[in-house]
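Asks: I have a structure here, written as structure tokens, and I will follow up with some questions on it.
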Amino acid sequence: MKKALIITTISGFVPQFEMNQVFLLQKLGYEVHYATNFDHPVYDYDRELFRKNGIVTHPLSIEKSPARIGRNFQAFLQLKRLLTRERFDLIHCHNPMGGVLGRLAGSLYSSGSAILYTAHGFHFYKGAPIRNWLLYYPAEYILARLTDFLITINEEDYLRGKRFPLRPNGSVWKIPGAGLDVRRFVPRPDARAARKAALGFPADSFLLLSAGELNRNKNHETVIRALSLLPEKNVCYGICGRGDGRGRLEELIEREGLSERVRLLGYRKDIEDVLPAADCFLFPSKREGFGMAAVEAMAAGLPLITSDCRGTREYMRDGITGIVCKRNRPEDYAEAIRSLRNDPGQREHMRQAARERSLLFSTDATQAVMRQVYEAALQSREYAAGHKKASFRRQRRASKNIRA
């Protein structure tokens, strides 16, 4: 049986975003292995899920930060042992450090493998800090030489990746996000009042909702400050997610006097049941490669208020699916919130447009591209194996002629 190895930095990444690709690999005849750091999950995950779905797991000491040199070197040695023990036909890397260690180890210790890397948003982009360009751009440019298939999730990264020097016959692809389950996320306007009450908000409140890790990049602070600028006391805000920034957000909420209006809802497995409570979805990230949470909200029929970044540009249409806050300031979000709150007709038009546009990012659309990628990877490996055998036969013939 063919074998595929998926490498990520974040242990819950495959259950959260990549299960459809796991199933696709299995349909194509691969035994799927998964290597990651199981000690520091960001998303919720269930080890039993791996067992039930026939995924072979391998613990890694990999860390998200490049500065954790000792731990990441240990992870590299663990990958070395894994790759020399197993014969993988395909290695698919995710997340920056997963991409670094996976491609380095794969090129050194699994030369016959097709190596894929999905860039879930390069750290260098238009408007990125100069240090990002100095650190991450050279690394990605060099590692591209060890990559057969580079997969991107937005147009800016795709166009930049097209200029990278990949392995011979390598190619760059773009997929429409991680794949939206259009059956799981559907509009449920009749459930709004009941769901608000279940989350602890007044049934007649105008509820804003966000979902994402509690960190500075997700920029929840800007929305909290925006609420402090609004005199309307029935405008409330719920944030789904967990992370190291929880304490900082709690202090900000208390300082702004918003304890009755803002709630941190924690990580939610039932996000499809939480979204119907909202009147509007906020996605204020400073940087996003794509932003699947926003597309899920669109599918649930919610108008969006977002920042203007390369990820949101993939699906946002300002004034149609929601409002884009180009300057990403509290004043801009306050004005956008007030505009949608005071115009039910505008919200209704945006709900319909958001749902319709979300269908472009369905699981079927993503899987159609990924099937092509995996099939091309298989063909490239078969071609390489055949070329190697042919070269070996030519060398043997030449050797016989010399002896003769």
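The values are calculated or read from the model by the stated rules, or taken from the named source; none is laboratory data. Fair warning: this is a prediction, and the values are worked out from it, not measured in the lab. As a convention, Cβ positions derive from the backbone with ideal geometry for all residues, glycine included, and neighbour counts pool all protein chains shown. SASA here: full protein model, heavy atoms, side chains in, ligands and nucleic acids out. Shrake-Rupley method; radii C 1.70, N 1.55, O 1.52, S 1.80 Å.
Asks: Among the residues that make up the range 83-99, is at least one of them among the polar types (S, T, N, Q) and under 20 Å from R145 (Cβ atoms)?
Replies: Yes, the range 83-99 has at least one match.
Asks: Would you pick out the residues in the range 77-129 that are closer than 21 Å to N169 by Cα and aromatic (F, W, Y)?
Replies: F88, Y109, Y117, listed by residue number.
Asks: Just one of (1) under 26 Å from P189 (Cα atoms); (2) basic (K, R); (3) without any contact (Cβ under 8 Å) to a residue 40 or more places away in the chain; (4) in contact with a Leu (Cβ under 9 Å, 6 or more places away or on another chain) trips up K233, so point out which.
Replies: (4)
Asks: Shifting gears a bit: Hey, can you tell me all the residues within the range 303-319 that are surrounded by fewer than 20 Cβ atoms within 10 Å (Cβ to Cβ) and either out of contact with any strand residue (DSSP E or B) (no Cβ under 6 Å at 6 or more places or on another chain) or not charged (D, E, K, R) (or both)? Steps first, please.
Replies: To start, the set of residues in the range 303-319 that are surrounded by fewer than 20 Cβ atoms within 10 Å (Cβ to Cβ) comprises 308, 313, 317-319.
Once the filter is applied, which keeps residues that are surrounded by fewer than 20 Cβ atoms within 10 Å (Cβ to Cβ) and either out of contact with any strand residue (DSSP E or B) (no Cβ under 6 Å at 6 or more places or on another chain) or not charged (D, E, K, R) (or both), the range 303-319 yields R313, R317, G319.
Asks: What number goes with the only condition from (1) under 30 Å from F88 (Cα atoms); (2) open to solvent by 40 Å² or more (accessible area, probe 1.4 Å); (3) modelled with pLDDT under 50 that S391 does not pass?
Replies: Result: S391 passes all but (2).
Asks: Return the pairs, sorted by first residue and then second, in which the second residue is assigned to a helix (DSSP H, G or I) and at pLDDT 95 or above, the first residue lies in the range 182-210 and is of a type in the set (S, T, Y), the beta carbons are less than 7 Å apart, and the residues are 6+ apart or on different chains.
Replies: Close Cβ pairs satisfying both conditions: S205/K196; S210/H220; S210/V223.
Asks: Another question, if that's okay. Check whether at least one residue in the range 43-50 is in a loop (DSSP other than H, G, I, E, B), open to solvent by less than 60 Å² (accessible area, probe 1.4 Å) and free of Cβ contacts under 8 Å to residues at least 60 places away in the same chain, and report yes or no.
Replies: Yes; the residues of the range 43-50 include at least one that is in a loop (DSSP other than H, G, I, E, B), open to solvent by less than 60 Å² (accessible area, probe 1.4 Å) and free of Cβ contacts under 8 Å to residues at least 60 places away in the same chain.
Asks: When you scan the range 232-247, how many residues do you find that are open to solvent by 10 Å² or more (accessible area, probe 1.4 Å), closer than 22 Å to G322 by Cβ and either of a type in the set (V, I, T) or out of contact with any Lys or Arg (no Cβ under 8 Å at 6 or more places or on another chain) (or both)?
Replies: 1
Asks: Being farther than 14 Å from G54 by Cβ, part of a strand (DSSP E or B) and open to solvent by 20 Å² or more (accessible area, probe 1.4 Å) is the filter here; which residues of the range 9-39 pass it?
Replies: Passing the criteria: only I10.
Asks: Now for a different question. Has the range 106-116 got at least one residue that is open to solvent by 10 Å² or more (accessible area, probe 1.4 Å), in contact with a helix residue (DSSP H, G or I) (Cβ under 6 Å, 6 or more places away or on another chain) and aromatic (F, W, Y)?
Replies: The answer is yes, given that some residue of the range 106-116 is open to solvent by 10 Å² or more (accessible area, probe 1.4 Å), in contact with a helix residue (DSSP H, G or I) (Cβ under 6 Å, 6 or more places away or on another chain) and aromatic (F, W, Y).
Asks: Another question, if that's okay. Against the condition part of a helix (DSSP H, G or I) and at pLDDT 95 or above, how does L77 come out, does it pass? If you could, list the steps in order and put the result at the bottom.
Replies: Details: part of a helix (DSSP H, G or I): yes; at pLDDT 95 or above: yes.
Yes: the conditions hold for L77.
Asks: Considering (1) among the charged types (D, E, K, R); (2) more than 23 Å from F290 (Cα to Cα); (3) open to solvent by 30 Å² or more (accessible area, probe 1.4 Å), say which one K196 fails and leave the rest.
Replies: Result: K196 passes all but (3).
Asks: Related question: Against the definition (hydroxyl-bearing (S, T, Y) and at pLDDT 95 or above), how does Y125 come out, yes or no?
Replies: For Y125, the condition - hydroxyl-bearing (S, T, Y) and at pLDDT 95 or above - is not met.
Asks: Cβ-Cβ under 9 Å, sequence separation 6+ or interchain: first residue in the range 81-97 and open to solvent by 10 Å² or more (accessible area, probe 1.4 Å), partner among the acidic types (D, E). Which pairs?
Replies: Correct list of pairs: P96/E140; M97/E63.
Yes/no matrix, rows are residues, columns are (1) among the hydrophobic types (A, V, I, L, M, F, W, C); (2) over 23 Å from L227 (Cβ atoms); (3) surrounded by 24 or more Cβ atoms within 10 Å (Cβ to Cβ); (4) touching a helix residue (DSSP H, G or I) at 6+ places or on another chain (Cβ under 9 Å):
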| position | (1), (2), (3), (4) |
| --- | --- |
| E272 | no, yes, no, yes |
| G289 | no, yes, no, yes |
| T321 | no, no, yes, yes |
| P330 | no, no, no, yes |
| L340 | yes, no, no, yes |
| H349 | no, yes, no, no |
| R357 | no, yes, no, yes |
| A365 | yes, yes, no, yes |
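Residue by residue, here is whether (1) surrounded by 17 or more Cβ atoms within 10 Å (Cβ to Cβ); (2) within 24 Å of the chain's Cα centre (by Cα) holds:
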position: D204; (1), (2): no, no
position: N219; (1), (2): yes, yes
position: L230; (1), (2): yes, no
position: L249; (1), (2): yes, yes
position: E254; (1), (2): no, no
position: A277; (1), (2): yes, no
position: E296; (1), (2): yes, yes
position: G301; (1), (2): yes, yes
